[in-house]
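Scroll down for the structure; my scribbles are underneath it.
The values are calculated or read from the model by the stated rules, or taken from the named source; none is laboratory data. It should be emphasised that the depicted structure is a prediction, and the values quoted were computed from it without experimental measurement. FYI the Cβ positions are ideal-geometry reconstructions off the backbone, even for glycines, and counts take in every protein chain you see.
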Amino acid sequence: MSGSVTRTLRDSRPLIHEGGRTCAGLSWQALEWLEDRVAPGMRTLETGAGLSTVVFAASGARHTAVTPEAREEAAVRAVCRGLGIAEEGLDFVIGRSEEVLPGLSESRLDLVLVDGAHGFPYAILDWWQLARRLRLGGTMLLDDAYLPPVLAILDGLRGVPSWRVEGAIGDRTVLVRKLADELPPGVWPGGPFGGRQSFRYLPVRRRLVASTRHRMLSTRFGELAAGARRTLRSRRRS
């Protein structure tokens with residue numbers, strides 16, 4: 001089709017979700033970003049399906065959408081046909097992403113969009129499965145980044161040198177880039193003492209005591225003091 005597919009979708013607002021009752025998905029700003037940057041022949045994948053799937057198809061990508069809802073495939077394909085968008089490069093895999101992704105053969109993907117189930121731990125599982133299938137320098141979009149499971153991914157990636165959090169597209173979608181084929185470190189940044197840590201699972205009084213003790217030990221002075229106490233106790237025993 002000629003002209004902006006995002007603008008056309010914004011004007012028509014096709015009812016794709018909930019059995020044809022609602023129009024929902026990425027923000028218009030994020031859809032425009034996809035339309036501007038996805039090029040013909042790019043290998044792309046998303047968890048979830050909707051307006052973004054239409055934009056991927058219109059951009060000429062070799063695109064796979066993973067969704068548990070067969071009705072969404074039918075609705076997306078109907079929108080594509082109505083707008084004259086070719087469907088040859090568009091593929092759907094019907095199933096839950098946590099069950100489907102481990103068995104997919106796709107690799108060296110240029111861009112992936114995580115926008116499927118948002119409850120814990122599904123977005124994290126989607127990231128884990130898609131991260132190793134993304135090519136070096138490839139882009140991952142994380143939608144609804146204000147939700148705790150998605151925010152947990154971003155908090156973790158900020159301390160990982162093999163990924164770079166590049167910024168937000170609008171208010172809800174965050175772009176991250178893969179810089180190396182490496183697993184995240186097995187130790188939380190800062191070791192057992194440093195980094196962002198919380199004792200909020202404890203009752204309030206115990207939380208305050210544990211937090212204070214932790215802060216004291218997490219400083220260089222605290223580590224030296226703890227070492228001096230261990231040395232003193234060892235000398236007393238001898």
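Note on the range 101-124: residues that are part of a helix (DSSP H, G or I) and in contact with a Pro (Cβ under 9 Å, 6 or more places away or on another chain) amount to 3.
Looking only at residues in the range 1-20 that are assigned to a loop (DSSP other than H, G, I, E, B) and within 20 Å of Val93 (Cα to Cα), which one is modelled with the highest pLDDT? Going through the qualifying residues, I end up with Ile16.
Matching residues to (1) closer than 17 Å to Gln29 by Cα; (2) modelled with pLDDT under 95:
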site	(1), (2)
Pro148	no, yes
Asp155	no, yes
Trp163	no, no
Asp171	yes, yes
Val174	yes, no
Pro189	no, yes
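Close Cβ contacts (under 7 Å, 6 or more residues apart or on different chains) running from residues in the range 1-27 that are over 18 Å from Leu113 (Cβ atoms) to residues that are at pLDDT 75 or above and in a loop (DSSP other than H, G, I, E, B) comprise Met1/Gly84; Met1/Ile85. If you go through the range 21-41 and pick out every residue that is assigned to a helix (DSSP H, G or I), surrounded by fewer than 16 Cβ atoms within 10 Å (Cβ to Cβ) and not acidic (Asp, Glu), you end up with 3.
Using the structure shown, decide if Glu87 is in a helix (DSSP H, G or I) and more than 25 Å from Gly137 (Cβ to Cβ).
Against the criterion (in a helix (DSSP H, G or I) and more than 25 Å from Gly137 (Cβ to Cβ)), Glu87 does not qualify.
Please find, among Thr53, Thr44, Thr64, the residue that is on the phi < 0 side of the Ramachandran plot, outside any strand (DSSP E or B) and not aliphatic (A, V, I, L, M).
Working: Thr44 fails: outside any strand (DSSP E or B); Thr64 fails: outside any strand (DSSP E or B).
Result: Thr53 is the single residue among Thr53, Thr44, Thr64 that is on the phi < 0 side of the Ramachandran plot, outside any strand (DSSP E or B) and not aliphatic (A, V, I, L, M).
Taking (1) out of contact with any Ser or Thr (no Cβ under 9 Å at 6 or more places or on another chain); (2) in contact (Cβ under 8 Å) with a residue 24 or more places away in the chain in turn, Gly50 satisfies each apart from (1).
For (1) farther than 15 Å from Leu15 by Cβ; (2) buried (at least 24 other Cβ atoms within 10 Å of the Cβ); (3) not assigned by TED's automatic domain parsing to the domain that holds Gly25, each residue gets a yes or a no:
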site: Thr47; (1), (2), (3): yes, yes, no
site: Gly50; (1), (2), (3): no, yes, no
site: Ala61; (1), (2), (3): yes, no, no
site: Ala70; (1), (2), (3): yes, no, no
site: Arg77; (1), (2), (3): no, no, no
site: Ala86; (1), (2), (3): yes, no, no
site: Phe92; (1), (2), (3): yes, no, no
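Matching residues to (1) part of a helix (DSSP H, G or I); (2) modelled with pLDDT of 70 or more; (3) loosely packed, with under 10 Cβ neighbours inside 10 Å:
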site	(1), (2), (3)
Gly195	no, no, no
Phe199	no, yes, no
Leu202	no, yes, no
Arg205	yes, yes, yes
Leu208	yes, yes, no
Thr212	yes, yes, no
Arg215	yes, yes, no
Ala228	yes, no, no
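Taken over the range 72-84, the criterion of being out of contact with any strand residue (DSSP E or B) (no Cβ under 9 Å at 6 or more places or on another chain) and not in a loop (DSSP other than H, G, I, E, B) is satisfied by Ala74, Ala78, Val79, Arg81, Gly82, Leu83.
When Leu134, Leu154, Leu147, Leu104 are checked against the criterion of being buried (at least 17 other Cβ atoms within 10 Å of the Cβ), assigned by TED's automatic domain parsing to the domain that holds Ala30 and not polar (S, T, N, Q), Leu134 stands alone in meeting it.
Taking the criterion of being farther than 19 Å from Ala75 by Cα and not β-branched (Val, Ile, Thr), the residues of the range 29-42 that qualify are Gln29, Ala30, Glu32, Trp33, Leu34, Glu35, Asp36, Arg37, Ala39, Pro40, Gly41, Met42.
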